[in-house]
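Report on one structure; see the data block that follows.
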């Protein structure tokens, strides 16, 4: 009986973890927003060719928006580092609580690649 409860728990954890969604990092120009509106961007002079977007949604309502933001920024940092660049966040959209009934934490950031200092 204990073995079945443990197996059920493992399957439940795997099922919840597999519901997370992330997008590939893509150029921001002309992308469909992941929210009802595109993120408001700060004033900048970066070329359109250096501006990218990335999106991630948690697999459940139990993950914090800070955790999702950390994952997205880590992905942007790895992407920039592979091109020997740094990144600066130009804007973001985040979902609003309450995080129930499928409204899981999600975030979209728009960032620009910049030369390393």
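The values are calculated or read from the model by the stated rules, or taken from the named source; none is laboratory data. All of these numbers come straight from a predicted model, not from anything done at the bench. When we count neighbours, we look across all protein chains shown, and the Cβ atoms used for this are built from the backbone with ideal geometry, even at glycine.
Taking region 45-56, which residues are loosely packed, with under 14 Cβ neighbours inside 10 Å and either within 18 Å of the chain's Cα centre (by Cα) or in a loop (DSSP other than H, G, I, E, B) (or both)? Hits for region 45-56 are 45, 47. Looking across region 38-57, just one residue is closer than 18 Å to residue 23 by Cα and out of contact with any strand residue (DSSP E or B) (no Cβ under 7 Å at 6 or more places or on another chain), and that is 38.
A count restricted to region 6-44 and to residues that are modelled with pLDDT of 90 or more and in a strand (DSSP E or B) stands at 2.
Looking at region 72-86, can you tell me whether even one residue there is touching a helix residue (DSSP H, G or I) at 6+ places or on another chain (Cβ under 8 Å), assigned to a strand (DSSP E or B), at pLDDT 95 or above and closer than 22 Å to residue 29 by Cβ? For region 72-86, residues touching a helix residue (DSSP H, G or I) at 6+ places or on another chain (Cβ under 8 Å), assigned to a strand (DSSP E or B), at pLDDT 95 or above and closer than 22 Å to residue 29 by Cβ: present. Restricting attention to region 77-97, the residues that are without any contact (Cβ under 8 Å) to a residue 12 or more places away in the chain and more than 18 Å from the chain's Cα centre (by Cα) add up to 1.
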